[in-house]
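Notes to accompany the following structure.
The values are calculated or read from the model by the stated rules, or taken from the named source; none is laboratory data. Not measured: the values here are computed from a predicted model. Ideal geometry is used to build each Cβ from the backbone, glycine not excepted, and the neighbour counts take in all protein chains shown. Note: accessible area is taken over every heavy atom of the protein model, side chains too, but ligands, DNA and RNA are not part of it. Shrake-Rupley method; radii C 1.70, N 1.55, O 1.52, S 1.80 Å.
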Amino acid sequence: ATPAAPATPATPATPAAPATPPADTGKPADPQKEAGKKFEEGSKAQKAGQHDKAQQAFDAAFKLTPTPEVALALAKSEMQLGQSRKAAEHLAFYLRKAPAGDSDEKQAAVKLFAEAREKLGSVIVAVDADGADVLVDGAAVGKSPLEGPVFLDPGAHVLEVRKEGVEPSKKQVDA
């Protein structure tokens, strides 16, 4: 007779490794849907006269999906809050990106844009190198080439252009 193989002690089950949650990228799974929610939130706040809440909601929607419709709503809230520079930036975006035509909405935006511009200065920034960071008073306003003028609140400002491998440039401007 052949001896039986010795019984091997039972190996305890190894617990499964905990599931690794997906990395939080800080972006919603469906930016379009989230932007729609934020836009609705902003619309309700604006109708209720809560312009600060409306501005925050519209700003969040614009960061998710920068559309002309959201830019216009955001600009209206910014004008209500006395934020003419921000409003001018968003109105300029709206006027560049909105469908061609002469709708009542577009005419109202042109009028609001003129109202905002009356309170501001502006400067056209021409940079020799594409992709350079353009800053006003240390805050980024975009990368060159910019799509339009940089709007400035009245007073003195420092305009700066930076790009790796290129000598930075600073200039004092008055608006």
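Numbers at a glance
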item: In Å², nearest 10: area of H51 left accessible to a 1.4 Å probe; result: 40 Å²
item: Tail weight of P(r) past 18 Å, computed on alpha-carbon pairs of the stretch 23-159, percent; result: 60 percent
item: Cβ-placed point charges (K, R +1; D, E -1), dipole of the stretch 32-175 about Cα centre in debye, nearest 20; result: 380 debye
item: Loop-located GluC sites (Glu not before Pro) in the stretch 38-134 whose Cβ has at most 13 other Cβ within 10 Å (DSSP); result: E118
item: Stokes-Einstein diffusion coefficient of the stretch 81-127, Kirkwood radius over Cα pairs, 4 °C, 1.567 mPa s, in µm²/s; result: 113 µm²/s
item: Amide H partners (placed H, <5 Å) of S122, local residues excluded; result: L152
item: Projected label distance in nm at A126 and K143, using a 7 Å step from Cα toward the beta-carbon; result: 2.3 nm
item: Förster radius 41 Å - calculated FRET efficiency between D52 and R162, Cβ distance, rounded to 0.05; result: 0.80
item: Kirkwood hydrodynamic radius of the stretch 46-112, Cα pairs, Å; result: 11.8 Å
